[in-house]
Amino acid sequence: MFNQNIKAPVNIPVSKIHPFEGNPYKVLDNDEMNSLICSIQEQGILTPIIIRPIENTDEYEVISGHRRLHATVKAGMKEVPAFIYAVTRDEAAIMLVDSNLHREHILPSERAFAYKMKMEAMNRQGYRSDLTCGQVGHKSRDGVSETESGRQVQRYIRLTYLIPELLELVDEKRIAFTPAVELSYLNELEQADLYEEICICDATPNLSQAQRLRAISREEGLTPEHIGEILAEEKANQREKIKIPAERIRRFFPKSYTTEQIEEAIVKLCESRYRARQGRDSR
């Protein structure tokens, strides 16, 4: 993919390198990042990042290696080895998207904005410029994704129409992908009302409910009352389940206890503690 006439990486001051504007992939300060920081402190950067010159400046923006650059700064290093590619911003956008799509863990929001960025860059470059966004979604997978149909690419791009609060629920897997696509057709005010009702009801819409919400929005306009009534419907799998590994609690019960007996004993213990706490609070 990065088949450029670059002879060798060069060390560039991190102060002259900037994240790619609109980068769809999140750079998080988590355990994985901490491990990368430790690795860089011990061994340095093993794989150079890839950057491009920013027009009319002596600075650069990242094409590939946002996490490595972030870790380098966190590690206190002043320079980072980098390959410099003299490409246009649209070419860089396509390269950025393609270099990350192979990652094992990509959030739905990341994939959505990545596909959108790549398609827009391709359109500006003249790829399938005779097609509209919708037509690309139905007819073509060429260039946008090598693994997913054009229809699926278009469905992902629909997620970019969700307000940030709802999109975060999709990333957290509280709203499934297909219902989220349906909800993306609601206007921003309706989506804001939906998010508020989700917080109040502690419930998220399944596919059937999302389709009904979209239909009401299209036909008569969606109100908080409509949303509340639909979300209040009981669904067997709606409530979040608390899972405790069996090995953590099995040793506290007789070997003869079944799973149901253990569950019942835990509930009774919780009820006893709750009544005791209520008694103390009422004094």
Matching residues, the stretch 247-274, being surrounded by 10 or more Cβ atoms within 10 Å (Cβ to Cβ) and of a type in the set (D, E, K, R): 250, 263, 264, 268, 271, 273
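Report whether or not residue 236 is at pLDDT below 85, within 20 Å of residue 172 (Cα to Cα) and either surrounded by fewer than 10 Cβ atoms within 10 Å (Cβ to Cβ) or touching a helix residue (DSSP H, G or I) at 6+ places or on another chain (Cβ under 7 Å) (or both).
On the way: at pLDDT below 85: yes; within 20 Å of residue 172 (Cα to Cα): yes; either surrounded by fewer than 10 Cβ atoms within 10 Å (Cβ to Cβ) or touching a helix residue (DSSP H, G or I) at 6+ places or on another chain (Cβ under 7 Å) (or both): yes.
Yes; evaluated as a whole, the condition is true for this residue.
Before we move on, is residue 91 acidic (Asp, Glu), touching a strand residue (DSSP E or B) at 6+ places or on another chain (Cβ under 9 Å) and either closer than 27 Å to residue 57 by Cβ or modelled with pLDDT of 95 or more (or both)? Spell out the reasoning first.
Numbers: acidic (Asp, Glu): yes; touching a strand residue (DSSP E or B) at 6+ places or on another chain (Cβ under 9 Å): yes; either closer than 27 Å to residue 57 by Cβ or modelled with pLDDT of 95 or more (or both): yes.
In short, yes.
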Evaluate the following for residue 57: is it polar (S, T, N, Q) and in contact (Cβ under 8 Å) with a residue 12 or more places away in the chain? no
Out of everything in the stretch 30-51 that is within 19 Å of residue 103 (Cα to Cα) and free of Cβ contacts under 8 Å to residues at least 24 places away in the same chain, what residue ends up being farthest from the chain's Cα centre (by Cα)? 46
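The values are calculated or read from the model by the stated rules, or taken from the named source; none is laboratory data. All values derive from a computational prediction rather than experimental measurement. Glycine gets a Cβ as well: all are built from the backbone with ideal geometry, and neighbour counts include every protein chain shown.
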